[in-house]
1. For the range 166-186, what are the residues that are among the small types (Gly, Ala, Ser) and either assigned to a helix (DSSP H, G or I) or more than 21 Å from Ala153 (Cα to Cα) (or both)?
2. Which one is farthest from Met122 (Cα to Cα) among residues in the range 48-76 that are β-branched (Val, Ile, Thr) and either surrounded by 15 or more Cβ atoms within 10 Å (Cβ to Cβ) or touching a residue at least 12 places away in the same chain (Cβ under 8 Å) (or both)?
3. Of the residues that sit in the range 92-122 and are buried (at least 16 other Cβ atoms within 10 Å of the Cβ), out of contact with any strand residue (DSSP E or B) (no Cβ under 7 Å at 6 or more places or on another chain) and hydrophobic (A, V, I, L, M, F, W, C), which one is nearest to Gly216 (Cα to Cα)?
4. Among the numbered criteria (1) closer than 12 Å to Thr136 by Cα; (2) surrounded by fewer than 16 Cβ atoms within 10 Å (Cβ to Cβ), which single criterion is violated by Ile44?
5. Looking at (1) modelled with pLDDT under 95; (2) within 25 Å of Ala48 (Cα to Cα), which is the one condition that is false for Arg168?
6. Scan the range 123-146 residue by residue and report those that are farther than 18 Å from Ser54 by Cα and surrounded by fewer than 21 Cβ atoms within 10 Å (Cβ to Cβ).
7. Would you be able to tell me the number of residues in the range 83-127 that are β-branched (Val, Ile, Thr) and within 16 Å of Gly142 (Cα to Cα)?
8. Six or more apart or on different chains, Cβ atoms under 8 Å: show the pairs whose first residue is in the range 170-195 and under 15 Å from Asp121 (Cα atoms) and in contact (Cβ under 8 Å) with a residue 60 or more places away in the chain and whose second is among the polar types (S, T, N, Q) and in a helix (DSSP H, G or I).
Amino acid sequence: MDTENAQYWRERLNNCRESLRENAFEAFVAEDRVQARNIVLEEIFPKAKTKSASWGDSMTLHATGILNALLTNPGLSIVKTFEVGVPRPEIIERRRQALLVDFFITGTNAITESGQLVNLDMVGNRVAAIAFGPRTVVILAGRNKIVSDVASAMSRIRNYAAPINSIRHEFETPCAATSRCADCKSPQRLCNTWMITERSVPKDRIKVVLINEELGL
């Protein structure tokens, strides 16, 4: 018999999936990161007829193992937007090139119960790719990313995701020291470009895989 917690999350995830579908996203629910990996690599990826791929920074992506599978695919041209030892100007140029790949995969900062994606970027390459460019965009999201509305999403990002990311990257920002947003003007400020994605255009271009685990920030 399901526990109350399992039933609770199954209902929330299924309801969020239906809201996303009503907003023209193709949406899936995975019971765990392993099933999420299988959905992407066995169902979404083959249908995309992908020749080139790239990604946006995402702890959830790394947790699923999908990125490693893409990087070791011999028939795939990968635009590596993160690579140790590569000069910053070259990384920025690669991120520009990543806007024209066939397949872009990343995470999201939050998803509302009414089926909106809410994201906040430092450079803007991730939100740019979600909005336009790559033919297929895949969004991976743990159940902890689901929030009630846009205001809750923005509060979560400012006062939870952004401070922890600042700490993770060892940035010297006020939020890294206090764990609260100070609307700073730091050169290392993460919070520069907001994007709310109400609908997927064209229909099903953006595919969202909701995962019944606590993943990412």
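The values are calculated or read from the model by the stated rules, or taken from the named source; none is laboratory data. Since this is a predicted model, take the numbers as computed values, not measurements. Quick reminder, even Gly has a Cβ in these numbers, built from the backbone with ideal geometry, and neighbours come from all protein chains shown.
1. Matches in the range 166-186: Ser166, Ala176, Ala177, Ser186.
2. Residue satisfying both the conditions and the ranking: Thr50.
3. Selected residue: Met122.
4. Result: Ile44 fails condition (2) only.
5. Looking at each condition in turn, Arg168 falls short on (2).
6. Hits for the range 123-146 are Arg143, Asn144, Ile146.
7. So the count comes out to 6.
8. Leu190/Asn165; Leu190/Ser166
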